[in-house]
1. Which one of these does ARG149 not meet: (1) within 14 Å of SER183 (Cα to Cα); (2) modelled with pLDDT under 75?
2. Being exposed (fewer than 13 other Cβ atoms within 10 Å of the Cβ) and at pLDDT below 75 narrows it down to one residue among ALA75, ALA81; which is it?
3. THR61 versus (1) crowded, with 18+ Cβ neighbours inside 10 Å; (2) at pLDDT 75 or above: which is the lone unmet condition?
4. Within segment 11-31, is there a residue that is touching a Leu at 6+ places or on another chain (Cβ under 6 Å), among the hydrophobic types (A, V, I, L, M, F, W, C) and surrounded by 11 or more Cβ atoms within 10 Å (Cβ to Cβ)?
5. Checking VAL166 against (1) assigned to a helix (DSSP H, G or I); (2) modelled with pLDDT of 90 or more, only one condition comes out false. Which one?
6. Could you please find all residues in segment 127-146 being modelled with pLDDT under 75 and touching a helix residue (DSSP H, G or I) at 6+ places or on another chain (Cβ under 6 Å)?
Amino acid sequence: MDFKKILPWIIAIGLILIIAFWVIGIKNSALKYNQAVGKTWGDVEVAYQRRNDLIDNLVETVKGSAAFEKGTLVAVTEARANATSIKIDPTKVTPEQLEQYNKVQGGLGAALKSLIATVENYPQLKSTDAFLKLQDELPSTENQILTARTRFNDAVEIYNGYILSVPNNWFLSNYKEKPYFKSVEGANKAVKIKF
């Protein structure tokens, strides 16, 4: 057998294998980055769930400790129900879904701030150990939410950069760009505090 005759075939097969492994590497990396986005989305949900659980305990503590303003408790309870009603699949998340999720979570945050502000009128409630512990947990929980959202955006940045870059986008047409978390409407305006 003449080696010169089979050499082009060996080179062609070698090139095909190199290209095949390269494409497989691109797809496996895209899968890895997509999974990282899904994991960080789970972290966001865990942080929000912690806040929801904390709010439940806070509302129950307030109910049990004072003849409290019912409207405020109802608003917090309804906002919490709205916040937990939206479920997002991180593999198919759209900017609209993320905006709606962000909006209801912002509404819950506003209702919670209203609850804390209203509690200020009840000194006996403010001094109970259960309420103080729960109130102390709120800033920590909000920081966890901020951290989880920041990490989600970091994972989305890596994922989007990978799937949208050339030549990766030639082979990853079934992978879609994912949206980032953005601030709720009006968050860019300074808060006015009145004493």
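1. The failed condition is (2).
2. On the way: ALA75 fails: exposed (fewer than 13 other Cβ atoms within 10 Å of the Cβ).
It is ALA81.
3. Going through the list (1) crowded, with 18+ Cβ neighbours inside 10 Å; (2) at pLDDT 75 or above, THR61 breaks only (2).
4. Filtering segment 11-31 down to residues touching a Leu at 6+ places or on another chain (Cβ under 6 Å) leaves 30.
Of the ones still in play, those that are also among the hydrophobic types (A, V, I, L, M, F, W, C) are 30.
Then drop every residue that is not surrounded by 11 or more Cβ atoms within 10 Å (Cβ to Cβ), which leaves 30.
Within segment 11-31 (the criterion being touching a Leu at 6+ places or on another chain (Cβ under 6 Å), among the hydrophobic types (A, V, I, L, M, F, W, C) and surrounded by 11 or more Cβ atoms within 10 Å (Cβ to Cβ)), the answer is yes, since at least one residue qualifies.
5. Only one criterion is unmet by VAL166, namely (1).
6. THR128, ALA130, PHE131, LEU134
The values are calculated or read from the model by the stated rules, or taken from the named source; none is laboratory data. Values in this document were obtained by computation on a predicted structure and should not be read as measured data. Every residue, glycine as well, gets a Cβ built from its backbone with ideal geometry; the counts of neighbours run over all protein chains shown.
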